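Remarks on the structure that follows.
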Amino acid sequence: MNFKIAVLAGDGIGKEVTDWAVQVLRAVGDQFQHSFTFEDGLIGHAAIEATGNPLPEATLTTCRSADAVLLGAVGHPMYDLDPTLKVRPEQGLLRLRKSLGLYSNIRPIRIFDELLSASSLKPEVLRGADILFYRELTGGIYFGERGRSEDRSAAYDTKSYSRMEVERIARQAFEAAAGRRGRLHSVDKANVLESSRLWREVVQELSGEYPNVEVIHMYVDNAAMQLIRDPRQFDVVLTGNMFGDILTDEASQIAGSLGMLPSASVGDAIGLYEPVHGSAPDIAGQDKANPMATILSAALMLNSAFGLKEESECVIGAVESVLAQGYRTGDIRQTDTPADMVLGTTAIGKAILAALAKRFAPQL
Ligand code: IPM
Ligand code: MG
């Protein structure tokens, strides 16, 4: 089959990690006789430097004509030092999500057994944890009205949700829970926020259609605590935009490292696949980044965008076997990892390609 993939490397480590995901996809394409074609596009700081716009029209056109989008990361430290800058890299990503109608951000959190001791949490708390986050991605406080008072001495951001916005993502989360362990935690702050009361009302109404799914409404502060107290109590977690942003970074510790977490953003038409981590400017260009989150995002793409389940499982299996061989990047290094098993981006990328080749030809 033929698939066209838009590749938006973005900033910082974005290029290093997407390069490896593309190599993995090429290897899968060769093996299974799919033709993957790749088209690059600019986003974030890189796009601002080249065009003045964090999401140039050409990038949107490239994405719209593709079957799926692979994204690295956006962000640059120069903007952190000057909060008055009006044009910022993150706007590119937010506009892309909105323009492509990507209202549902799916973040699977599970720990590979090999990484149990890489997390700062105890292995006995983590073993077997398997959580699927559904984070609303095109509404809430990220997209509400915002501004400053006339004298600029006060500022506001507003959080608003419509019934339709809650219902369409809640439905996806219910469907997912029905196909998994049948438990849905809906996260809100309904004891304080009106938008959360609507959120809870809609989720409650929908629950009537899914009698086999147990719904638990949980306040976000409690959810933040419960996630690290006992992550195994969660199956599917449904959240609004900002709560999901915060909770999934927290939940990365359940997967060992932020460098391991893939994500899929889906909605109206094509899907976008990206690691949960950011541009990591402190290690950019040093061959230190962990490409696994992006490679696992490519695996999500194979399965959910293209319906290539076997191909997707091959990629996940290759990552797993590299971990089983004891190889680590710096972020998932354990206290007992020998120094010569800590690899850079290139070496771990090559190890994953080698593990893939071995899966394709196990007799070798
Ligand atoms: C994420 C990121 C983004 C977000 C930033 C880069 C705008 O943190 O995808 O989680 O807040 O959504
Ligand atoms: Mg985030």
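Restricting the count to DSSP beta bridges whose residues both fall in the chain, what percent are antiparallel, rounded to a multiple of 5?
40
Pairs to check: K122/K358; K86/K159; K122/K159; K98/K159; K4/K309. Give those whose C-alpha atoms are more than 24 Å from each other in this structure.
Flagged as over cut-off: K122/K358; K122/K159.
Can you name the helices of the chain, as whole DSSP H runs, whose Cα span along the helix axis is 24 Å or more and whose Kyte-Doolittle mean is not below -1.0?
Helix filter hits for the chain: 14-32.
Highest mean first, how do 145-151, 26-32 rank when packing is the count of other Cβ atoms within 10 Å averaged over residues?
26-32, 145-151
Could you please rank S117, S65, placing first whichever residue has the fewest other Cβ atoms within 10 Å of its Cβ?
By the 10 Å Cβ count, ascending, the order reads S65, S117.
Every read-out reported here was derived from the displayed coordinates using simple, explicitly stated rules and does not represent laboratory data. In this text the structure is predicted, and so the values were computed from the model without any measurement. When we count neighbours, we look across all protein chains shown, and the Cβ atoms used for this are built from the backbone with ideal geometry, even at glycine.
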